[in-house]
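Remarks on the structure that follows.
The values are calculated or read from the model by the stated rules, or taken from the named source; none is laboratory data. Worth saying up front: this structure is predicted, and the values here are computed from it rather than measured. Cβ coordinates were reconstructed from backbone atoms using ideal geometry, including for glycine residues, and neighbour counts include every protein chain displayed. Only protein heavy atoms, including side chains, enter the accessible area calculation; ligands, DNA and RNA are left aside. Shrake-Rupley method; radii C 1.70, N 1.55, O 1.52, S 1.80 Å.
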Amino acid sequence: FINGPVLRSAGVPGTCKLGGLSLGDALITLCSSVHPPIACKADDKTLVITTISDAEEDLTTRVYDIRDLIGHDPVRLESSLKSHVAPGSWRDLGGSVGQMRFLSGRLIITSTPAAQYTAAMYLNDLRLRQSHFRFAWRAGALAGAAGVFAWLVLTALRWRARRRDKRQGLCAYC
């Protein structure tokens, strides 16, 4: 479905040549090649091509479980999200669309589908970084323990060799 009346009222041309491109590439080319820019959104199993402002009016609310991410500072997570995900859209920062609040270890975001996707990707990236840090911590501890164990084994072998040499009447330092 192409929202023709909204596109025509915004001054978007009615035709565009996209020969030889895949559907995804054609949509990206179409949305970025016309002026004013347009957007596409999925709405009830239908692809709707419309203006960016019309697409931004379609708000969704999603709840994200962030108990594994908040630790002791949910305010820091909120400010980080607002600076990385659709920075100009948050209502409490002067925007007109986005809203974010916390409730019992869950983050509730009301925003555009594109911002929801970006928020989900950002939270997943935080989880991935957190798991890498935990892995590095465990690997460092294991490597340290292995080093201490190797030192103990070498010290025990050196002590054993000195003891054997002493029994044979050899000098301990030769």
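Observations on the model:
- Residue check, Arg101 open to solvent by 50 Å² or more (accessible area, probe 1.4 Å) and part of a helix (DSSP H, G or I): no
- Arg134 satisfies every condition listed in (1) in a strand (DSSP E or B); (2) open to solvent by 70 Å² or more (accessible area, probe 1.4 Å) except (1).
- Selection count, segment 79-107, where residues are more than 17 Å from Gln130 (Cα to Cα) and within 14 Å of the chain's Cα centre (by Cα): 5
- Close Cβ contacts (under 6 Å, 6 or more residues apart or on different chains) running from residues in segment 82-104 that are of a type in the set (Lys, Arg) to residues that are surrounded by 16 or more Cβ atoms within 10 Å (Cβ to Cβ) comprise Lys82/Trp90.
- Number of the exception - Thr110 against (1) outside any helix (DSSP H, G or I); (2) open to solvent by 90 Å² or more (accessible area, probe 1.4 Å): (2)
- For first residues located in segment 51-67 and among the acidic types (Asp, Glu), partners that are in a helix (DSSP H, G or I) and lie 6+ apart or on another chain with Cβ distances below 8 Å form the pairs Asp54/Val6; Asp58/Pro113.
- Within segment 53-91, being charged (D, E, K, R), within 25 Å of Ile38 (Cβ to Cβ), at pLDDT below 80 and open to solvent by 70 Å² or more (accessible area, probe 1.4 Å) holds for Glu56, Glu57.
- In the condition set (1) surrounded by fewer than 13 Cβ atoms within 10 Å (Cβ to Cβ); (2) part of a helix (DSSP H, G or I), Leu170 is compliant with all but (2).
- Screening the candidates Leu103, Leu154 for the property of being out of contact with any helix residue (DSSP H, G or I) (no Cβ under 8 Å at 6 or more places or on another chain), at pLDDT 90 or above and among the aliphatic types (A, V, I, L, M) yields one hit, Leu154.
- Looking only at segment 137-151, and only at residues there that are modelled with pLDDT of 90 or more and aromatic (Phe, Trp, Tyr), the one that is least open to solvent (accessible area, probe 1.4 Å): Phe149
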